[in-house]
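So the structure is just underneath, and the comments pick up after that.
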Amino acid sequence: SNSQVIDEQNWNTNVLALENVELNSKYYGIYTLDNLEELCSKESRKKVPIASITKVMTAIVCIENIKDLNQTVIVDLPNVQKYYDEEYSVAGLKDGQEISYYDLIGTMLIPSGADSASCIALNVFGDYSKFIEEMNNKAKEIGMNDTSFANPIGADDENNYSTVYDVALMMKLSLIHI
C-alpha cells in the first residue's frame, strides 16, 4: 500500500503556534480532529445562519440513505425553478434531465447548486419534509445540539442555524462520507 502511516504521538498541537494568528471572523473555532478539543475560538457556541454549509448535511443524508449513488433520478425543474428566479447559486439542471445522485452531490457541493440540493431532497425519500426531518435527526444523532435545518440549501430562515462547534462535528462526519 502507498498509504502513509501517521504517528499521532508526533503531532504537535501546540496552541502557542496560534498566538500570533489574526482571524477577522466574528465566529471561529480551531479543533483537533480526533476528539474536537478546542484549541482556540471566538463565539463558537453562538447560533448563527450557516448558509450553504447546510449542503454538507444534505450530502451526508443522501449518502447514508442511497445505496447506489449511480442510481439516477429525473429532474423536475418546476420544483426548483424558484432558485433560478431568486438568483441562488445553481448547477444548471434542466427539466427532465436524468442525473445520478453522485453527480447531484458533486453539482451541489462544488458550484453550491441549490437546484441540485433541492433535487436530492425531493427524491431521496420522495418527500421534501421527510428529508429535512432526517437532516435534523442526523444532527441530533451526532451531537449537533445547537443546530436546526429548515431546508437543504441553506436559504435564509430563522430555523436554519448552527454553531461553529456543531459545524465542526458535521465536518468530522463528512470526512467519513465525502
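Residue pairs whose Cβ atoms lie under 7 Å apart, separated by 6 or more positions or on different chains, with the first residue in region 114-132 and in contact (Cβ under 8 Å) with a residue 60 or more places away in the chain and on the phi < 0 side of the Ramachandran plot and the second surrounded by fewer than 23 Cβ atoms within 10 Å (Cβ to Cβ) and part of a loop (DSSP other than H, G, I, E, B), are V124/I66; F131/F125. The lone criterion from (1) of a type outside the set (S, T, N, Q); (2) open to solvent by 80 Å² or more (accessible area, probe 1.4 Å); (3) touching a residue at least 24 places away in the same chain (Cβ under 8 Å) left unmet by I63 is number (2).
All told, K172 falls short of being of a type outside the set (A, V, I, L, M), free of Cβ contacts under 8 Å to residues at least 12 places away in the same chain, farther than 24 Å from V80 by Cα and open to solvent by 20 Å² or more (accessible area, probe 1.4 Å).
Within region 140-163, the set of residues being open to solvent by less than 30 Å² (accessible area, probe 1.4 Å) and among the β-branched types (V, I, T) comprises T147, I153, T163. If you go through region 61-88 and keep only what is touching a helix residue (DSSP H, G or I) at 6+ places or on another chain (Cβ under 7 Å), modelled with pLDDT of 95 or more and either closer than 18 Å to D146 by Cα or part of a loop (DSSP other than H, G, I, E, B) (or both), you end up with I66, L69, N70, Q71.
The values are calculated or read from the model by the stated rules, or taken from the named source; none is laboratory data. Quick caveat: nothing in here was measured; it's all calculated off a predicted structure. Neighbour counts run over all protein chains shown; Cβ positions are idealised from the backbone, glycine included. SASA here: full protein model, heavy atoms, side chains in, ligands and nucleic acids out. Shrake-Rupley method; radii C 1.70, N 1.55, O 1.52, S 1.80 Å.
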